[in-house]
Amino acid sequence: MADLTQRRHDPRHKMFEPVALRFGGMAARAHFLDLSCSGALAHCETPPVAGTFLTVEALRQAASGQVMWANGKRFGIQFSEPLTPAVMTVWIEGH
């Protein structure tokens with residue numbers, strides 16, 4: 001796994017795209033506010049708490065990760081494995 005400091009400096013892409021979250025036997029809708037290959041800033045009406053492991057699904061692509069922090073309706077996800085360039089392209093371009 002890449003050093004956390006390095007991962008925080010991965011290029012970020014601003015966006016507002018809907019995603020589906022699955023965690024603890026629950027499903028929720030959220031939106032990515034920004035995305036990098038190592039993580040995402042997300043917004044959800046009832047966000048998962050820090051430490052929650054989850055799966056993110058959008059546009060027939062999926063990634064797993066952990067909620068690193070939550071503040072109000074915003075939260076940060078660190079992906080378990082960096083996103084591939086193909087997944088990044090699909091999620092950023094929306095198709």
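Bear in mind these aren't lab numbers, they're just calculated from the coordinates by the rules spelled out. Small disclaimer: the values here were computed from a predicted structure and weren't measured. Positions of Cβ are backbone-derived with ideal geometry, glycine not excepted, and every protein chain shown enters the neighbour counts.
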* Structure fact -> Cα gyration tensor of the range 26-75 diagonalised, 5x eigenvalues square-rooted, in angstrom largest first, produces semi-axes 16, 12, 11
* Near the amide H of Met68, under 5 Å away, which other amide H atoms are found, from residues 5 or more places off or on another chain, if H is placed in the peptide plane? -> Gly51, Gly76, Ile77, Gln78
* For the chain, with a Gaussian network of springs between Cα atoms less than 10 Å apart, report the residue from Met15, Met68, Met26 with the top mean-square fluctuation. => Met26
* Starting from the Cα of Val90, step 7 Å along the direction of its Cβ; do the same at Arg29; then give the gap between the two resulting points in nm. => 2.1
* Asked: Which distance in nm do the two modelled labels at Ala20 and Thr55 give, with both placed 7 Å along the Cα-to-Cβ direction?
  -> 1.0
* Before rounding to the nearest 500, sum -39500 (n - 2.57) across all DSSP H runs of length at least 4 in the chain and divide by the residue total; then give [θ] at 222 nm in deg cm²/dmol. => -3500 deg cm²/dmol
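What's the magnitude of the charge dipole for the chain around its Cα centre, counting Lys and Arg as +1 and Asp and Glu as -1 at the beta-carbon? Answer in Debye, nearest 20.
Once rounded to the nearest 20, the dipole reads 180 debye.
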